[in-house]
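Input: a single structure, listed below in structure tokens.
Values in this text are rule-based calculations from the coordinates and carry no lab data. As the structure is a computational prediction, the values presented were derived from the model and not from experiment. A quick note on method: Cβ atoms are made from the backbone with ideal geometry, for glycine too, and the neighbour counts reach across all protein chains shown.
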Amino acid sequence: MPLTVRPRRKRSIRIVVTLLCGMLPIVFGSVILYLQAERTLQHSTRQTAEEALRQFDLMLDNTAQAARELLPLAGKDCEEVKLALREQVTRRPFVRSTNLVWDNNLYCSSLFGPFKEAVNAGDYHEGKLWLMNGNPVTPNTALLVYRLSDGRGGALTTLDGYHLSNILRLIGRETLLLLQVGDNWLSADGKVHQGALPALPVAQSMLQSNRYAFSVSAGFPQGETWRYMADAYPPLFSLLIFFGVVSGAIGHIVQKRSTSPSHEMLRALEAGEFIPYFQPVVHGDSKQWSGTEVLMRWNHPKEGLVRPDLFIPFAEHSGLIVPMTRALMQQTAALLGPQSAGFATPFHIGINITASHCHDLELVEDCREFLAAFMPGSISLVLELTERELIEPTDITRQLFEQLHSLGVKIAIDDFGTGHSSLGYLRKFNVDFLKIDQSFVAMIGIDALSRHILDTIIELSAKLDLGIVAEGVETQAQAEYLTAHHVNFMQGYLFGKPMPAADFINALSHH
Ligand code: C2E
Ligand code: CA
Ligand code: CA
């Protein structure tokens with residue numbers, strides 16, 4: 001069965017999260033700066049349009065005033081009034097020429113005196129203003145004509161386009177500014193165009209004069225918002241990048257922090273840092289090696305070799321103990337499987353399991369896979385269950401232990417004497433071995449009461465026909481006592497400490 005573990009948050013995902021944290025203030029800040037830039041540009045075009053409108057109104061006031069003064073002269077003989085026409089041109093800064101009209105005929109002009117030209121009121125926007133692209137005197141030079149009429153008479157005063165385009169240029173500066181009169185419009189280069197006013201894509205402001213028949217439009221070309229931001233906001237962008245870096249760093253640190261002990265163990269599991277150590281188990285009489293207990297070690301890249309009691313509780317708590325044990329069994333099978341041809345009698349291999357292994361039947365598959373790696377009949381797989389952690393008998397556990405037994409897997413109660421297992425418990429789970437806790441062995445020859453308990457356990461196991469293993473045998477005296485009491489198997493520093501696979505396999509060949 002493949003090693004199935006919850007996937008750890010991938011490195012690429014962590015990098016993406018860090019980048020997102022970093023980008024968030026930059027993107028968010030840029031959006032705010034963009035909106036702010038749009039507001040600023042809108043405000044600027046509005047002001048520009050208002051200022052232009054004010055200036056054009058003032059110029060037209062000047063021109064309209066001349067027309068108002070000349071209107072009463074309409075119909076009079078041109079020779080009589082032409083001086084009055086010229087006087088207006090001279091006295092008023094924005095008036096370029098003045099003309100009188102009678103019955104839709106321009107009959108008198110400040111420039112030529114008596115003159116004859118038809119006047120069509122339809123040419124004038126709202127009958128008042130006409131933006132022309134020059135006249136016969138100055139072709140291709142913009143001209144704004146103001147028309148005032150009363151009955152059959154009328155006065156036409158003209159305003160030079162030069163003044164108008166000057167305003168568009170000077171007030172507009174960075175802004176595109178256009179003057180519209182009816183169907184015609186004037187751009188800052190002094191040219192008069194026909195047709196609809198072009199749309200100004202960024203921050204367009206259009207204002208209509210409420211005194212004369214014209215309007216102005218101010219705005220910016222495409223891309224101006226970004227150009228403005230690049231011009232005006234570099235310090236703010238630096239700040240955003242600074243915030244981005246800080247936020248990215250915080251995101252990175254928070255993600256690292258969330259690497260709790262169980263995350264760290266998941267990483268270690270994927271990195272194959274949990275490795276098996278092997279401690280020999282010997283026959284009680286001959287002291288020949290009868291098997292081994294597999295003990296887990298964490299080969300930590302920084303901390304070095306970590307003892308199991310420091311991490312097994314975390315592994316149990318987080319549920320990682322199941323895949324960790326599975327990985328340990330796979331490694332053990334790969335290391336000892338090839339040796340199995342040399343095993344004369346079934347070699348005991350003890351694997352420690354916890355109550356959390358007994359919640360489902362996966363362990364059966366793990367054991368089947370483990371056994372398949374060895375020559376048939378060459379080993380005896382013993383699962384060691386600590387007495388401190390009793391298993392609740394349920395349908396699943398009953399099924400589990402039945403299936404394990406039919407596979408030939410043996411069950412040992414570890415640390416026996418420290419917990420509260422009853423005879424009923426030992427029977428229910430079809431236990432094969434008791435492993436006497438090392439605390440009782442340590443008391444041999446020291447504490448009479450402990451020795452008494454030890455004797456009782458040995459007797460009990462004999463009566464129940466259970467194999468017995470004494471753990472933590474360190475001295476010759478302890479070994480002799482246990483042999484004298486017919487203890488089947490012994491394990492302890494006297495016979496060998498837990499050792500890495502290479503040392504164990506090497507030593508195995510000598511035994
Ligand atoms: P344990 O199952 O009772 O394993 C025996 C412990 O006694 C081992 O400690 C072993 O090194 C130590 N020991 C063996 N002979 C002697 C001796 O002569 N004197 C003394 N003082 N100690 C001796 P270790 O390897 O540190 O393991 C500690 C505990 O961690 C184990 O106790 C077992 O409960 C747990 N453990 C180890 N490996 C695994 C594993 O793969 N899965 C699970 N669930 N628990 C494990
Ligand atoms: Ca054990
Ligand atoms: Ca033990």
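Say each of Gln222 and Ile32 gets a label point 7 Å from the Cα, pointing the same way as Cα to Cβ; how far apart are those two points in nm?
In this crude label model, Gln222 to Ile32 measures out at 3.1 nm.
Using just the helices of the chain, give the 222 nm mean residue ellipticity in deg cm²/dmol: DSSP H runs with n ≥ 4 each add -39,500 (n - 2.57), and the total is spread over all residues, rounded to 500. Could you put the intermediate results ahead of the total?
Numbers: 15 runs with 226 residues, N = 511.
Calculated at 222 nm, the ellipticity per residue is -14500 deg cm²/dmol.
In nm, what is the difference between 0.36 nm times the number of residues separating Ile15 and Val306 and their Cα-Cα distance? Display every interim value, and only then the final one.
On the way: separation 291, 0.36 × 291 = 104.76 nm, distance 2.96 nm.
Full extension from Ile15 to Val306 adds 101.8 nm.
Which value in nm describes the separation of the simple spin-label points at Thr418 and Ala118, placed 7 Å from the Cα toward the beta carbon?
Computed distance between label sites Thr418 and Ala118 equals 12.1 nm.
Given a cut-off of under 8 Å on Cα pairs at least six residues apart, what relative contact order in percent is computed for segment 259-508?
Working: 415 pairs, mean separation 51.0, N = 250.
So the answer I get is 20 percent.
At a threshold of 8 angstrom on Cα-Cα distance, excluding pairs fewer than six apart, so keeping six or more, what relative contact order does the chain reach in percent?
On the way: 877 pairs, mean separation 60.4, N = 511.
For the chain, the relative contact order is 12 percent.
If I take R0 = 60 Å and measure r between the Cβ atoms of Arg46 and Lys256 in this structure, what FRET efficiency does the formula 1/(1 + (r/R0)^6) give, to the nearest 0.05? Spell out each step's value before the answer.
Working: r = 51 Å, r/R0 = 0.85.
That gives a FRET efficiency of 0.75.
Explain nothing, just the number: relative contact order of segment 110-214, from Cα pairs under 8 Å at least 6 residues apart, as a whole percent.
It comes to 22 percent, rounded to a whole number.
Kindly identify segment 162-201 as rounded, prolate or oblate by the Cα gyration tensor criterion: order the square roots of the eigenvalues as a ≥ b ≥ c, call it rounded if a/c is under 1.5, otherwise compare a/b with b/c, prolate if a/b is larger, else oblate.
Details: a/c = 2.49, a/b = 1.29, b/c = 1.93.
Oblate shape, in that a/c is at least 1.5 and b/c is the bigger or equal ratio.
Classify segment 259-508 as rounded, prolate or oblate, taking a ≥ b ≥ c as the square roots of the eigenvalues of its Cα gyration tensor: rounded when a/c is under 1.5, otherwise prolate if a/b is larger than b/c and oblate if not.
rounded
Once the Cβ-Cβ distance between Asp395 and Phe243 is put in as r, and R0 is 56 Å, what FRET efficiency do you end up with, to the nearest 0.05?
Here the calculated transfer efficiency is 0.45.
Could you list Trp226, Trp289 in order of exposure, starting from the residue whose Cβ has the fewest other Cβ atoms within 10 Å?
So the ranking, lowest neighbour count to highest, is Trp226, Trp289.
Rg and Dmax of the chain, Cα atoms, in Å?
Both quantities, over Cα of the chain: 51.4, 155 Å.
Quick check on packing: order 394-405, 160-171 by the mean number of other C-beta atoms within 10 Å, highest mean leading.
160-171, 394-405
Give me Tyr107, Tyr212 ranked fewest to most by other Cβ atoms within 10 Å of their Cβ, as a rough exposure proxy.
Tyr107, Tyr212
Net charge near Ser439, counting Lys/Arg +1 and Asp/Glu -1 over other residues with Cβ under 14 Å of its Cβ?
Overall, the nearby charge balance is -4.
Quick one: Debye curve from the alpha-carbon atoms of segment 31-224 only, equal weights, vacuum; give me log10 I(q)/I(0) at q = 0.09 Å⁻¹ to two decimals.
-0.36
Between Asp189 and Leu236, what FRET efficiency comes out of the Förster formula 1/(1 + (r/R0)^6) with R0 = 30 Å and r the beta carbon distance, rounded to 0.05?
Efficiency, rounded to the nearest 0.05: 0.30.
Which order results if Cys358, Cys21 are arranged by neighbouring Cβ count within 10 Å, fewest first?
In increasing order of surrounding Cβ atoms, one gets Cys21, Cys358.
Projected onto the charge dipole of segment 259-508 (+1 at Lys/Arg Cβ, -1 at Asp/Glu Cβ, origin at the Cα centre), which of Gly417, Ala355, Ala502 gives the Cα projection farthest towards the positive end?
Ala502
So for the chain, if I pair up every lysine 8 or more residues apart or on another chain, how many of those pairs have alpha-carbons under 24 Å apart?
21
In debye, nearest 20, what is the charge dipole magnitude of segment 351-461 about its Cα centre with +1 on Lys and Arg Cβ and -1 on Asp and Glu Cβ, if you could check?
On the way: 8 positive and 18 negative charges, 62 e Å.
The dipole magnitude comes to about 300 debye.
In debye, nearest 20: dipole of the chain around its Cα centre with unit charges on the Cβ of K, R (+) and D, E (-)? Walk me through the numbers on the way to the answer.
Numbers: 43 positive and 52 negative charges, 455 e Å.
Dipole about the Cα centre, nearest 20: 2180 debye.
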